[in-house]
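For reference, the structure discussed in these notes is given below.
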Amino acid sequence: MRVGVLLSGSGTNLQAILDGASQEGSGYEVAVVVSDRADAFGLERARSAGVPAVHVEPKAHENREDFNEVLADALREHRVELVCLAGFMRILAPNFIKAFEGRIINIHPALLPAFPGAHAVRDALEWGARVTGSTVHFADEEVDHGPILLQEAVPILPGDDEAALHERIKEVEHRLYPEAIRLIAAGRVKIEGRRVVIEPEE
Ligand code: GRF
């Protein structure tokens, strides 16, 4: 399965996805990495792995739809079958979601539907939650909203600050995200309304 990764930053999740792809029987390869930021370190990671790295500049496009169309074109050009959002800090427009309907997944650093949005780690800390975690879910037109594929809890420890907690969440993410992609590549994942069914291994 050909995977396209969208990111805006450091790309530690991309790295985990790349490392996962090279494991025997992964069933997937990273076909292209696309970023809205030219200086995203994730683009460097892609290049080091020999994967095409594309920057699409939002400001170079008239409006959000045009920018999203160019993003979609970059993925189509590389015959991407699954889109993985890995720290992509922009809200996708409906034309993009439609173009890859049911074939976009996102990783979010909280146990959705708790703490959606761009500051999920900080929000969980400030709320005084005892447990947060990581969620891999299908993306739909609402932010951090689509059907949930995988989740894992991470305890919040006394003395945690945002950086320390995010670090421990990322350790979980780096396991969860490649696992989610492997399941989809193996054809074991079905969306039934809000529920995601994971079929047992044959
Ligand atoms: C991750 O914590 C992910 O959950 C969130 O953005 C962060 C990206 O981190 N959506 P990285 O760039 O993969 O290190």
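The values are calculated or read from the model by the stated rules, or taken from the named source; none is laboratory data. Note that the coordinates shown come from a computational prediction; the quantities given were computed from them, not determined experimentally. Neighbour counts run over all protein chains shown; Cβ positions are idealised from the backbone, glycine included. Surface accessibility is based on the protein's heavy atoms, side chains included, excluding ligands, DNA and RNA. Shrake-Rupley method; radii C 1.70, N 1.55, O 1.52, S 1.80 Å.
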(request) Taking the options Val33, Val3, Val80, Val70, name whichever one is more than 16 Å from Ile107 (Cβ to Cβ), in contact with a strand residue (DSSP E or B) (Cβ under 9 Å, 6 or more places away or on another chain) and surrounded by 15 or more Cβ atoms within 10 Å (Cβ to Cβ). (result) Val80
(request) Mind counting the residues in the stretch 30-70 that are more than 15 Å from the chain's Cα centre (by Cα) and either polar (S, T, N, Q) or over 24 Å from Asp19 (Cβ atoms) (or both)? (result) 17
(request) All but one of (1) in contact with a strand residue (DSSP E or B) (Cβ under 7 Å, 6 or more places away or on another chain); (2) more than 16 Å from the ligand (Cβ to nearest atom); (3) in contact (Cβ under 8 Å) with a residue 24 or more places away in the chain hold for Val54, so report the exception by its number. (result) (3)
(request) Hand me the list of strands (runs of 3 or more DSSP E) wholly inside the stretch 102-202 holding 1 or more residues that are over 23 Å from Glu29 (Cα atoms) and away from the ligand (no atom under 11 Å from the Cβ). (result) 131-138, 148-155, 189-192, 195-198
(request) Within the stretch 40-93, track down each residue that is among the aliphatic types (A, V, I, L, M), in contact with a Lys or Arg (Cβ under 7 Å, 6 or more places away or on another chain) and part of a loop (DSSP other than H, G, I, E, B). (result) Val80, Ala93
(message) Quick check on my filter: what residues within the stretch 102-120 are open to solvent by less than 50 Å² (accessible area, probe 1.4 Å), out of contact with any strand residue (DSSP E or B) (no Cβ under 7 Å at 6 or more places or on another chain) and among the aliphatic types (A, V, I, L, M)?
(response) Ala114
(message) Given the options Ala186, Ala163, name the one that is modelled with pLDDT of 95 or more, surrounded by 14 or more Cβ atoms within 10 Å (Cβ to Cβ) and among the small types (Gly, Ala, Ser).
(response) Ala186
(request) Would you check if Asn106 is in contact with a helix residue (DSSP H, G or I) (Cβ under 8 Å, 6 or more places away or on another chain), under 23 Å from Val70 (Cβ atoms) and not small (Gly, Ala, Ser)? (result) no
(request) Determine, yes or no, whether Ser10 is within 18 Å of Glu173 (Cβ to Cβ), modelled with pLDDT of 95 or more and polar (S, T, N, Q). (result) yes
(request) Go through (1) touching a Lys or Arg at 6+ places or on another chain (Cβ under 6 Å); (2) in contact (Cβ under 8 Å) with a residue 40 or more places away in the chain; (3) farther than 18 Å from Gly11 by Cβ and name the single condition Ile97 misses. (result) (1)
(message) Condition check: among the basic types (Lys, Arg) and within 13 Å of the ligand (Cβ to nearest atom). Does Arg90 satisfy that?
(response) yes
(message) If the requirement is being closer than 20 Å to Val30 by Cα and either open to solvent by less than 20 Å² (accessible area, probe 1.4 Å) or under 16 Å from the mean Cα position of the chain (by Cα) (or both), which of these qualifies: Ala99, Ala86?
(response) Ala86
